[in-house]
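Colleague: Input: one structure, supplied below.
The values are calculated or read from the model by the stated rules, or taken from the named source; none is laboratory data. None of these values were measured; they are calculated from a predicted model. FYI the Cβ positions are ideal-geometry reconstructions off the backbone, even for glycines, and counts take in every protein chain you see.
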Amino acid sequence: MLYVYGLDGELLAEVDAGTGQTQREYVWLDGELVAYLVDGTVYHVHNDHLGTPQALTDETGATVWKASYSPFGKATVTTEQIKFNLRFPGQYFDAETGLHYNWHRYYDPSLGRYLQSDRLGLFDGVDTYGYVHGNPLLSIDPTGEYDLHQQDWTPC
């Protein structure tokens, strides 16, 4: 499988390396995943305040994929009528390892930590293996390099 990424690190498509056929496509709007296409079928992506996919629905509104997450992103998929591997923003679930590929390094959601040290060194703090300074409810790290604080929502 070949993975096609945009300039900002968004996964755009998965292409069969042998046939060159596009298997899955991802549609982004202002940095947020809004649709997922498989074999010409469009699924609508429902995200939380961080941009983490919570559910996918088909054209009738029926839920075809749904997950709940631990604070550091370990997914419990409760509905899986289609395959969908995106997790926290920028992370792709690797079923073989149980890890999340985060563009520049691998993340283990059961530990809440990266497996490789931050290639930027101490630029984003002294914990070079940590995820978003221990604050996964308010911040994201879509590239595996540094956290982005999300302030565009109001808690209930």
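Colleague: Can you name the residue in the stretch 117-146 that is of a type in the set (Gly, Ala, Ser) and within 20 Å of Glu32 (Cα to Cα) and, of all such residues, is surrounded by the fewest Cβ atoms within 10 Å (Cβ to Cβ)? Can you show your working first?
Modeller: Taking the stretch 117-146 as the starting set, the residues that turn out to be of a type in the set (Gly, Ala, Ser) are 117, 121, 125, 130, 134, 139, 144.
Applying the additional criterion that residues be within 20 Å of Glu32 (Cα to Cα) yields 139, 144.
Numbers: Ser139: 17, Gly144: 22.
That would be Ser139.
Colleague: Is it the case that the stretch 77-87 has a residue that's farther than 19 Å from Gln23 by Cα, crowded, with 18+ Cβ neighbours inside 10 Å and modelled with pLDDT of 95 or more? Show your work before the answer.
Modeller: Of the residues in the stretch 77-87, the ones farther than 19 Å from Gln23 by Cα are 77-79.
Cutting the leftovers down to crowded, with 18+ Cβ neighbours inside 10 Å gives us none.
Among the residues of the stretch 77-87, not one is farther than 19 Å from Gln23 by Cα, crowded, with 18+ Cβ neighbours inside 10 Å and modelled with pLDDT of 95 or more, which makes the answer no.
Colleague: Further, regarding this structure: Against the conditions (1) of a type in the set (A, V, I, L, M, F, W, C); (2) out of contact with any Pro (no Cβ under 9 Å at 6 or more places or on another chain); (3) without any contact (Cβ under 8 Å) to a residue 24 or more places away in the chain, where does Leu11 fall short? Just the number, please.
Modeller: (3)
Per-residue answers, yes or no, for (1) more than 23 Å from Asn135 (Cβ to Cβ); (2) part of a strand (DSSP E or B); (3) not aliphatic (A, V, I, L, M):
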residue: Leu33; (1), (2), (3): no, yes, no
residue: Leu37; (1), (2), (3): yes, yes, no
residue: Val42; (1), (2), (3): yes, yes, no
residue: Gly51; (1), (2), (3): no, no, yes
residue: Gln54; (1), (2), (3): no, yes, yes
residue: Lys66; (1), (2), (3): yes, yes, yes
residue: Thr78; (1), (2), (3): yes, yes, yes
residue: Ile82; (1), (2), (3): yes, no, no
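Colleague: Scan the stretch 106-122 for residues that are part of a loop (DSSP other than H, G, I, E, B) and over 21 Å from Leu138 (Cα atoms) and report the count.
Modeller: The number of residues fulfilling the criteria is 5.
Colleague: Of all residues in the stretch 106-138, which are at positive phi and in contact with a strand residue (DSSP E or B) (Cβ under 6 Å, 6 or more places away or on another chain)?
Modeller: Across the stretch 106-138, the qualifying residue is only Val132.
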